[in-house]
Amino acid sequence: MVEFLASQRIERCLLTCAAGGIRPGLAPGDFVLADRILLGHQPDSWSQAAARLESGSEIALSGSHLPFIRFANSQTDKSRLRSGTHAQMTGPSYETPAEVRMLSRLGVWTVGMSTGVELVRARELGLVTGAIAVVANPACGLANATISHANVLNTMRNAARKLERLIHDLVLETNSFQVDQ
């Protein structure tokens, strides 16, 4: 998809995904702008991934992500869109409670099965990027309820209009921001 956008001279790419909420206080229907991405399928060790997270190298999304982060920081209603780290795990199954505990210790806010590799590729192609994780459920092991695909779809349907308004405002506002790549 991002290759097609770049071939059509599209300059900005905003991705969305359904995600499990890890950070305390996140609830289904909340929105988190990814300011960092952790790719859980990378072959290096998790301790190396943690070091990269702490150093802000390689997976930090400043630069091409900056207009979207400025938007999130400029809002008076901070509950509408907050910034945090998103982890992409391999799927196609939900993450395990042990993985969620590890991601929590790494400071991850949301976890899903997509978005990370798309963002990396979009940045490689020179697109201004952004990613919003819609919290579909508490991540595995953080609530008593069983996670089901039907519940994820229901939460996403309920969040759709609010997300549509957020994206509309975000696109209009960030259009005026200059980007230094």
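The values are calculated or read from the model by the stated rules, or taken from the named source; none is laboratory data. For clarity, every value in this text was computed on a predicted model and none was experimentally measured. Because the Cβ atoms are built from the backbone with ideal geometry, glycine has one as well, and the counts that use them run over all protein chains shown. To get the accessible areas, we keep the full protein, side chains included, count just its heavy atoms, and leave off ligands, DNA and RNA. Shrake-Rupley method; radii C 1.70, N 1.55, O 1.52, S 1.80 Å.
Ordered from highest to lowest accessible area with the whole protein assembly present and a 1.4 Å probe, 13, 140 read as 140, 13. Highest mean first, the peptides 153-165, 122-134, 96-108 sorted by other C-beta atoms within 10 Å per residue fall in the order 122-134, 96-108, 153-165.
With a 1.4 Å probe rolled over the protein heavy atoms of all chains, the accessible area of 113, 1 falls in the order 1, 113, largest first. Here the extension length gained between residue 145 and residue 27 equals 41.2 nm, from 0.36 nm per residue of separation less the Cα-Cα distance. As a calculated quantity, the FRET efficiency between residue 157 and residue 80 at R0 = 22 Å, using C-beta atoms, amounts to about 0.70.
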